[in-house]
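S.K.: Take a look at the following structure, please.
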Amino acid sequence: MKAVFINAPHQAALRDIAQPAAGPGQVLVRVAAAGMCMSDLEILKGIRPEPYIKYPIIPGHEWCGTVVETGPGVTRPAVGQRVAIEGLNPCRTCFWCQRGETNLCVTYNEFGFTLPGGYAEYVAVRADLAHPFADTLSFDVAALTEPAACAGHGILRAGMRPGDTIAIVGPGTIGLLGVAWARLFSPRRIIALGIDRMNERLARMMGVTEYLVIDDDPVSCVRELTDGRGADVVFEAAGSETAIQLAFDLARRGGTVALAGIVGGQRQIPLESDIFCLKNLHVHGVFSYTSSLFAQSLRLIENGLLDVRPLLTHTFPLAEYSYAFDLLRSRREPVGKILLKP
Ligand SMILES: [Zn+2]
Ligand SMILES: [Zn+2]
């Protein structure tokens, strides 16, 4: 079968390798669509932190397909079922897994980072990670389940309430999927904040009501839009030092900030020492998503409550991975989610 390998930083290649088989407790999935993510670009650039990558690797952690073979002991999902794949492989037995916090499993193991991922024709996966979905849901949309679960984690942890004003820092894929989640709470305003206006149209299609760029003096703008208070909830999905600092400044007194962006490189940020106490800020760091949230995200996408479709902007055959990586890197045109199809 064909698969894209990143052998080492800056070394990607399409290779022909033996098709995997479903081992005990596993199913073999024929990949229908795999989303490209900025973290795939980090693998290519070699900037992903050490425990979170093992080279050589077949990337792809946002994918779905059809079960074509079941291994010994597997009763479901059945052959022929469409499935979306949970990316993390939690052990189900450690301290965190037993509390349902499977995103914090003591053993980090994830498709596309430490296990062969979806940039391939077939992947063998543990049966409990293959979540069936209805034939009425397209593969393209189902491929967004994984990033939607990441975004949902931030919005749900922030404890959004109906009528809240939310600010989204970083209108990329995760930020805009956060918009889709925020809409479930009938927000008063959804204010997006970007570095440029490239994604403005896409952001408005997702439901953003005000779009600001960094040169607009966003803190003053957000205060003006909220009777001088600031945003009730801030969802940071940009992954830069500036974005994190800005998130704290955009929140109102007593507001909540959910940080989902990863800066990398163990960078330090200067913060006003009393900003958390004096502002009574609630701050949540959110890493990945739990098994139950993945399942919940898939159901919400399947029944159309979580509308993620405007995000699908590009599709390429797997063989054109190099062009697709280049598009993701250059952002020379508005890019939502790029899908690769084996
Ligand atoms: Zn991703
Ligand atoms: Zn565990």
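S.K.: Give the Cα extents of the range 238-306 along the principal axes, in whole Å, largest first.
M.R.: The principal-axis extents, from largest down, are 44, 30, 17 Å.
S.K.: Test of understanding: what is the full-extension gain from ALA78 to ALA295, defined as 0.36 nm times their sequence separation minus their Cα-Cα distance?
M.R.: Numbers: separation 217, 0.36 × 217 = 78.12 nm, distance 1.75 nm.
Gain on stretching ALA78 to ALA295: 76.4 nm.
S.K.: Now for a different question. Based on DSSP H runs of at least 4 residues, each adding -39500 (n - 2.57), what is the mean residue ellipticity at 222 nm of the chain after dividing by all its residues, to the nearest 500 deg cm²/dmol? Let's see the in-between values first.
M.R.: Numbers: 11 runs with 90 residues, N = 342.
So the helix-based figure for the chain works out to -7000 deg cm²/dmol.
S.K.: If only Cα atoms are counted, what is the Rg of the range 1-134, and what is its Dmax, in Å?
M.R.: 14.7, 41
S.K.: Using the 10 angstrom Cβ neighbour count as an exposure proxy, how do HIS284, HIS131 rank, fewest first? It would help to have the intermediate numbers written out before the result.
M.R.: Numbers: HIS284 16, HIS131 22.
Neighbour counts put them in this order, fewest first: HIS284, HIS131.
S.K.: Under a 5 Å amide H to amide H cut-off, with H placed in plane at 1.01 Å, what residues pair with ASP164 once short-range neighbours are removed?
M.R.: HN-HN under 5 Å from ASP164: ARG188.
S.K.: Next question. One-quarter of the Cα convex hull surface for the range 151-285, in nm²? Intermediate results must be reported in sequence, preceding the final value.
M.R.: On the way: hull surface 29.7 nm².
Quarter of the Cα hull surface area: 7.4 nm².
S.K.: Same structure, new question: Over all pairs of distinct alpha carbons, what does the Kirkwood formula give as the hydrodynamic radius of the chain, in Å? Intermediate values should be presented prior to the final figure.
M.R.: Numbers: mean 1/r = 0.0488 Å⁻¹.
By the Kirkwood definition, the hydrodynamic radius is 20.5 Å.
S.K.: Further question: Among residues other than ARG161 whose Cβ falls under 14 Å from its Cβ, what is the net charge (Lys/Arg +1, Asp/Glu -1)?
M.R.: The answer is +3.
S.K.: Name the long-range amide H neighbours of SER240: under 5 Å, sequence gap of 5 or more, or other chain; modelled H, no Pro or chain starts.
M.R.: Under 5 Å from the amide H of SER240: no residue qualifies.
S.K.: If packing is taken as the average count of other Cβ atoms within 10 Å, what order do 145-151, 251-257 fall into, highest mean first? Walk me through the intermediate numbers first.
M.R.: Values: 145-151: 28.4, 251-257: 20.4.
Those peptides, ordered most packed to least, come out 145-151, 251-257.
S.K.: Count the net charge of all other residues whose Cβ sits under 14 Å from the Cβ of GLN19, scoring Lys and Arg as +1 and Asp and Glu as -1. Mind showing how you got there, number by number?
M.R.: Values: positive: LYS2, ARG15, ARG30; negative: ASP16, GLU69, GLU121.
Neighbourhood net charge equals 0.
S.K.: Could I ask something else about it? Can you work out ³J(HN,Hα) from phi for every residue in the range 69-79, in order, using Karplus 6.51 cos²θ - 1.76 cosθ + 1.60 and θ = phi - 60°, giving whole Hz and x for Gly and Pro?
M.R.: Each residue's phi maps through the Karplus curve to give 7, 10, x, x, x, 9, 9, 8, x, 9, 4 Hz.
S.K.: Please work out the Kirkwood hydrodynamic radius for the range 58-182, using every pair of different C-alpha atoms, and report it in angstroms with one decimal place. Don't skip to the end; give the middle numbers.
M.R.: Details: mean 1/r = 0.0623 Å⁻¹.
Result for the range 58-182 stands at 16.1 Å.
S.K.: How charged is the neighbourhood of ILE262? Take every other residue with its Cβ under 12 Å from the Cβ of ILE262, and add Lys/Arg as +1 and Asp/Glu as -1. Mind showing how you got there, number by number?
M.R.: Values: positive: ARG48, ARG267; negative: GLU42, GLU236, GLU241.
After counting each charged neighbour, the total is -1.
S.K.: So what is the diffusion coefficient of the range 115-221 in µm² per second by Stokes-Einstein at 37 °C and 0.692 mPa s, using a Kirkwood Rh over Cα pairs?
M.R.: Numbers: Rh = 15.6 Å.
Approximately 210 µm²/s, per Stokes-Einstein.
S.K.: Now for a different question. Where the only charges are on Cβ atoms (+1 Lys, Arg; -1 Asp, Glu), what is the dipole of the chain about its Cα centre, to the nearest 20 debye?
M.R.: Working: 32 positive and 34 negative charges, 95 e Å.
In debye, rounded to 20, the chain gives about 460.
S.K.: Just how large is the dipole of the range 151-285 about the Cα centre, in debye to the nearest 20, putting +1 at every Lys and Arg Cβ and -1 at every Asp and Glu Cβ? Mind dumping the intermediate values first?
M.R.: Numbers: 14 positive and 15 negative charges, 105 e Å.
It works out to roughly 500 debye.
S.K.: I've got another one for you. Taking amide hydrogens as modeled 1.01 Å from N in the peptide plane, which residues meet the under 5 Å criterion relative to VAL257, leaving out close sequence neighbours?
M.R.: Excluding prolines and chain starts, which carry no amide H, the hits are VAL234, HIS282, VAL283, HIS284.
S.K.: Something else: Going by Cα centres, the range 226-248 and the range 69-100 are how many Å apart?
M.R.: Here the two parts' Cα centres lie 36 Å apart.
S.K.: Hey, what do the phi angles of the range 114-122 turn into as Karplus ³J(HN,Hα) couplings, whole Hz, using 6.51/-1.76/1.60 and θ = phi - 60°, x for Gly and Pro?
M.R.: 10, 10, x, x, x, 7, 7, 6, 9
S.K.: Could I ask something else about it? Using label points projected 7 Å from each Cα along Cα→Cβ, tell me how many nm separate ARG161 and ASP196, to one decimal.
M.R.: 4.0 nm
S.K.: Report ³J(HN,Hα) in whole Hz for each residue of the range 85-92, in order, from the Karplus equation J = 6.51 cos²θ - 1.76 cosθ + 1.60 where θ = phi - 60°; Gly and Pro get x.
M.R.: 9, 5, x, 6, 10, x, 6, 6
Read the figures in this text as sums done on the coordinates, not as results from a lab. From a predicted model like this one, the values you see are computed outputs, not experimental measurements. We place every Cβ from the backbone using ideal geometry, glycine too, and count neighbours over all the protein chains shown.
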